[in-house]
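Okay, so here's the structure we're looking at.
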Amino acid sequence: MVLAAPYLLIANVCVQFIEDGAPAWLHLAVLWAIWNILKMLWLGPVSAVLPIRARVRESVTARRERASSPAEADDAEERAVVDAISIR
């Protein structure tokens, strides 16, 4: 969102130039700057949400792995016992 500040400055300067009698094509520069301001303002919250969402997914995956690990260890022990019995 900080990246929107230079575009705001550019739009403001161009508007001031237009009011002072600069060529009308500067309106395109104002529109370009406003478009980029909107993109940067939208990108700020999105770039904050994406890492949070990734962390939540990581913690859910880790929690599931921790929950399934004891069961897998028990299964491995049972298989070892069965293998030991069937070998004898």
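The values are calculated or read from the model by the stated rules, or taken from the named source; none is laboratory data. Being a predicted model, the structure only gives us computed values, none of them experimental. Keep in mind that these areas ignore ligands, DNA and RNA; they rest on the heavy atoms of the full protein, side chains included. Shrake-Rupley method; radii C 1.70, N 1.55, O 1.52, S 1.80 Å.
A few notes on this one:
- Ratio of Rg to Rh over the stretch 1-69 (Cα coordinates, Kirkwood Rh, two decimals): 1.44
- Rounded to whole Hz, the Karplus (6.51, -1.76, 1.60) HN-Hα couplings of the stretch 27-44, x for glycine and proline: 4, 5, 5, 5, 4, 4, 5, 5, 4, 5, 4, 4, 5, 5, 5, 6, 5, x
- Exposure ranking of 40, 1 by accessible area [1.4 Å probe, largest first]: 1, 40
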